[in-house]
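Here the structure comes first, spelled out in structure tokens, and everything after it is commentary.
The values are calculated or read from the model by the stated rules, or taken from the named source; none is laboratory data. Predicted model only: the values in this text are computed from it and were never measured. Cβ: placed from backbone, ideal geometry, glycine included. Neighbour counts: every protein chain shown. Side chains included, ligands, DNA and RNA excluded: accessible areas come from the protein's heavy atoms. Shrake-Rupley method; radii C 1.70, N 1.55, O 1.52, S 1.80 Å.
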Amino acid sequence: MTGLVLAIGNKNYSSWSMRPWLALRWGQIAFTEQVVPLGPRNGQPNPAILALSDSGRVPVLILADGTRLHESLAIGEWAAEQTPALWPADPVLRALARSASAEMHAGFAALRRELPMNLRRRKPDHTISAAAEADIARIEALWQGLRARSASLGPWLCGTRSVVDAMFAPVATRFRTYGTALSPVCQAWCDTVLADPDFRAWDQAGAAETWTIPETDAA
Ligand SMILES: N[C@@H](CCC(=O)N[C@@H](CS)C(=O)NCC(=O)O)C(=O)O
């Protein structure tokens with residue numbers, strides 16, 4: 001497959017963009033990236049994003065024939081159709097990985113609002129609401145449930161690296177940024193993600209960016 005373009009937001013801030021970017025890298029699917037700097041929306045879609053994406057949001061995967069595929073999880077599914085190992089081989093584990101990925105895609109609004117992804121930032125004294133605490137507890141329960149089934153298969157949520165790890169990778173960075181205390185099994189998974197060479201390439205590129213979003217930096 002040639003000619004794929006993944007349009008993404010700033011690497012420091014765009015958690016939704018990180019997810020399919022990792023899935024494509026982990027699936028060894030060649031693509032070029034096009035970074036669109038995010039900024040305050042002021043209630044209006046960003047024209048630079050609208051030029052690439054009918055939904056007015058990134059990520060968008062532009063296929064060789066020009067088809068524009070939006071939504072991070074849908075792009076992860078597309079990547080897994082090219083590289084089936086991007087979902088676990090075991091059917092039950094695969095179904096659970098899809099459930100957890102869908103829950104991440106649809107939920108955890110308090111966590112996403114109160115602990116925005118900001119790779120460069122370290123703010124361990126961050127104060128959060130009971131709703132965000134509940135999101136963290138639910139995420140820990142999800143991860144622990146998957147790890148209990150996959151411990152013998154490898155260090156990733158379902159043993160081997162899959163789309164569900166990509167869907168939760170930005171959460172590992174949020175816990176790093178805001179100094180969230182985790183159970184040993186959940187911290188071990190975060191450490192696995194944060195040490196991954198492809199994640200580290202994204203993280204370093206984010207650190208090198210000069211764009212800033214002051215509202216996120218002040219959150
Ligand atoms: N549900 C979408 C969410 C995408 C999304 O909200 N992307 C943000 C950037 S992380 C965006 O494009 N925001 C538009 C803007 O900031 O102008 C997905 O999974 O891809």
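Points to keep in mind about this one:
So that you can scan it fast, the table gives a plain yes or no per residue for (1) touching a Cys at 6+ places or on another chain (Cβ under 9 Å); (2) closer than 22 Å to G76 by Cα:
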| position | (1), (2) |
| --- | --- |
| A130 | no, no |
| R138 | no, no |
| A148 | no, no |
| V164 | yes, yes |
| G179 | no, no |
| Q187 | no, no |
| A201 | no, yes |
| A205 | no, yes |
| I213 | no, no |
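- Here T127 meets each of (1) β-branched (V, I, T); (2) in contact with a strand residue (DSSP E or B) (Cβ under 8 Å, 6 or more places away or on another chain); (3) more than 22 Å from F199 (Cα to Cα) with one exception, condition (2).
- Once region 47-59 is narrowed to residues that are more than 8 Å from the ligand (Cβ to nearest atom) and out of contact with any strand residue (DSSP E or B) (no Cβ under 6 Å at 6 or more places or on another chain), the residue that is most open to solvent (accessible area, probe 1.4 Å) is D54.
- Among the residues of region 9-31, the ones that are in contact with a helix residue (DSSP H, G or I) (Cβ under 6 Å, 6 or more places away or on another chain) and either farther than 25 Å from R174 by Cβ or not assigned by TED's automatic domain parsing to the domain that holds G56 (or both) come to 2 in all.
- So E215, is it at pLDDT below 95, assigned to a helix (DSSP H, G or I) and under 20 Å from L111 (Cα atoms): yes
- The set of residues in region 5-42 that are polar (S, T, N, Q) and either within 11 Å of the ligand (Cβ to nearest atom) or buried (at least 20 other Cβ atoms within 10 Å of the Cβ) (or both) comprises N10, N12, S14, S15, S17, N42.
- Only residues that are more than 15 Å from the ligand (Cβ to nearest atom), of a type in the set (S, T, N, Q) and part of a helix (DSSP H, G or I) were counted across region 60-95, and they come to 1.
- Hits in region 114-144 (condition: in contact (Cβ under 8 Å) with a residue 12 or more places away in the chain, of a type in the set (D, E, K, R) and surrounded by fewer than 21 Cβ atoms within 10 Å (Cβ to Cβ)): E114, R120, R121, R122, K123, D125, R138, E140
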